[in-house]
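Bear in mind these aren't lab numbers, they're just calculated from the coordinates by the rules spelled out. Predicted, not measured: the structure shown is a model, and the values here were computed from it. Glycine gets a Cβ as well: all are built from the backbone with ideal geometry, and neighbour counts include every protein chain shown.
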Amino acid sequence: MATQPTNNRRAFIVKTVKGSLAVSIGMSAAAPLLQSCASAKSITAASSIKTGFDQLPLPYKYNELENVIDAMTMEIHYSKHAAAYAKNVKEAATAEAVDMNKPLEDVLANISKYSAKMRNNGGGHYNHEMFWHCMRPKQNENAPTGKLMEAIIKQFGSFDQFKKQFGDAGKNRFGSGWAWLYIDKDNNLKTGSTPNQDNPLMNISEVKGFPLLALDVWEHAYYLKYQNKRAEYVDNWWNVVNWNYVQERMDSYKI
Ligand code: MN
């Protein structure tokens with residue numbers, strides 16, 4: 001059975017990050033997103049959504065994104081590529097004396113102090129854990145609603161213009177990397193791209209902020225079905241975006 005991503009996240013947070021971080025994700029409807037704030041010192045610390053070092057269960061079956069991402073791609077991607085990042089980040093954390101009871105975000109925010117193995121696999125693990133939850137089985141009318149849609153229209157002019165910007169970030173990434181929608185330090189929504197397994201939480205990243213939506217544009221994410229046609233993969237991907245999860249991340253963002 002498919003498991004709701006929110007339940008996975010809540011279960012993880014209650015289990016491994018006790019205390020103040022176990023506040024109710026998704027319940028903080030009054031989170032002051034996009035209000036001006038000059039004192040946002042740590043974007044990483046500003047969200048109650050945290051990621052651990054273990055690979056969580058995929059929140060749907062391998063074949064449930066069919067027509068957009070084929071089951072074999074999902075299986076290899078999750079059980080081989082992403083599983084390896086999870087295994088290797090734990091190896092790096094052990095070697096570098098990282099407390100794995102603390103969130104991975106703490107490491108990412110200071111990634112310049114760690115090894116290349118930590119950067120590549122810590123980023124790889126975080127990005128994929130997020131990516132799986134950014135998707136859900138295809139729905140007919142798939143668009144954000146409420147505050148999230150309002151914020152997107154305010155920032156980008158329209159939902160279509162946002163999709164164009166975000167899509168271009170993925171299509172134009174040279175080589176392997178990611179496209180992002182994120183909140184920057186001034187609480188603006190931004191789109192951007194990072195190379196390899198870097199992400200906006202990393203202190204070495206050119207694109208910095210709290211990520212709301214992640215798209216994997218490594219060839220392993222699409223090549224079996226789309227071969228060289230990355231743009232087609234990016235355009236189809238909108239059909240399986242889990243906007244509830246994006247909204248949940250936005251609601252979790254605190255200043
Ligand atoms: Mn990947």
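Descriptive notes on the structure:
- Cross-link pairs exceeding 22 Å between alpha carbons, from the set LYS50/LYS113; LYS154/LYS254; LYS80/LYS102; LYS80/LYS138; LYS87/LYS185; LYS90/LYS138: LYS80/LYS102; LYS80/LYS138; LYS87/LYS185; LYS90/LYS138.
- In this structure, the amide hydrogen of GLY209, modeled 1.01 Å from its nitrogen in the peptide plane, lies closer than 5 angstrom to those of LEU201, counting only residues at least 5 positions away or on a different chain.
- Reachable lysines from LYS171, criterion Cα separation under 18 angstrom, eight or more residues apart if same chain: LYS163, LYS190, LYS225, LYS229
- Cα gyration tensor category, rounded, prolate or oblate, for segment 137-227 with a/c compared to 1.5: oblate
- With the cut-off at under 17 Å, measuring from each backbone N in segment 167-202 to a point 7 Å along the Cα-to-Cβ line of ASP235 picks out 167-173.
- Label separation (ALA71 vs ASN188): 4.6 nm, computed from points 7 Å beyond Cα along the C-beta direction.
- Candidate aspartates and glutamates for bridging to LYS117, where Cα separation is under 15 Å - those fewer than 8 sequence places away on the same chain excluded: GLU91, GLU96, ASP198
- Segment 183-255, relative contact order in percent, only Cα pairs under 8 angstrom and at least six apart counted: 22
- Cross-link reach list, aspartates and glutamates versus LYS147, counting only Cα pairs under 13 Å and skipping chain neighbours closer than eight places: GLU248, ASP251
- A Förster radius of 25 Å, combined with the Cβ-Cβ distance separating SER115 from LYS61, puts the computed FRET efficiency at roughly 0.10.
- A prolate overall shape is assigned to segment 50-140, the ratio a/c of its alpha-carbon gyration tensor axes (a ≥ b ≥ c) being 1.5 or greater and a/b exceeding b/c.
- For the pair ASN196 and HIS220 in one chain, pulling the backbone fully straight at 0.36 nm per residue adds 7.4 nm over the alpha carbon distance.
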